[in-house]
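The structure appears below as structure tokens.
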């Protein structure tokens, strides 16, 4: 008999930024790093003889929770990868919810009917992960094995083990990041002992317990942004009002504020419509982000020139999706880190950026107060 712990990866960028990451490679978040520590503590006294993982970065990083402290080699298997999402890869969930409603419904409630260009068929996912799990189980008879994979891939495998048809996939719940399922393999069959246990995570570490989309019969919660180009030239007053408001919050008055910031936004939006965008929630504009790709290009750095949320959407956890747009944009350009400027006096903004993984790299002193230069790495391992 083989004992297999099947474990979902820790929170990664796609989970935090609400972007669609199947085969798209992404990094573990700060919360994810803490989840990995909690998972390591869970298995501290548990005998594990071998560790296998999907070859995607987020799964391998999570696997380090077990193989590193136990000084075991890590074996990777392509068969454990997440479902390939084709033309959906790295798009926002808000976009497909809005413009591909039928396919979003199929993906959520009847994945055998889901089909997008370049996407992997549900039956293919089931076949490959079941094959990978079977090979691992047979090669480790009498041993205890930890296997690291992904949310959809794990549900596909368990649908085989539990004989659940695709039309009834909701019978298999979504599992939290680093959730553990225990299986036994004997006489050519898998038996699920328990599924999706995340008791090692505190409420603070479990983003999943605060989410509501998985409880809703529509499979969504109305919190997924999509991004549209901001018409900087036509929306001059709107832009300046937002920028002036942010300036006053940072410096206490609008002294030193200039219309030139709008001129720069127009220039950037003309060069690339995705450099200056608004975040849309449902049919409402929630905020905007302006990227300055000309800044730091020779250093491999991407710069965020301006980020804001409109008043009704502040302090509600939406701003991180704007950071997600910046990460996606600059990673595609080959940049390895993000930078931004924020006044030290704007403690709320500083705290937000720190929670997003930014750290202070320099301080510029002026008559209006200190300006912090903050950076965040986005390079994949």
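The values are calculated or read from the model by the stated rules, or taken from the named source; none is laboratory data. Predicted model only: the values in this text are computed from it and were never measured. No Cβ is skipped: glycine too gets one built from the backbone with ideal geometry, and neighbour counts run over all protein chains shown.
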task: Being in the same structural domain as residue 180 (by TED's automatic domain parsing), at pLDDT 95 or above and in a strand (DSSP E or B) narrows it down to one of 36, 48, 7, so name that one.
output: 7
Residue 360 vs. criteria over 15 Å from residue 275 (Cα atoms), free of Cβ contacts under 8 Å to residues at least 24 places away in the same chain and not in a helix (DSSP H, G or I): yes
Residue that is surrounded by the most Cβ atoms within 10 Å (Cβ to Cβ) [pool: residues in region 13-50 that are touching a helix residue (DSSP H, G or I) at 6+ places or on another chain (Cβ under 6 Å) and under 14 Å from residue 179 (Cα atoms)]: 39
message: So in region 275-319, with the set limited to residues that are out of contact with any strand residue (DSSP E or B) (no Cβ under 8 Å at 6 or more places or on another chain) and closer than 16 Å to residue 331 by Cβ, which one is surrounded by the most Cβ atoms within 10 Å (Cβ to Cβ)?
response: 297
task: Please verify whether region 206-219 includes one or more residues that are more than 30 Å from residue 49 (Cα to Cα), out of contact with any helix residue (DSSP H, G or I) (no Cβ under 8 Å at 6 or more places or on another chain) and in contact (Cβ under 8 Å) with a residue 24 or more places away in the chain.
output: yes
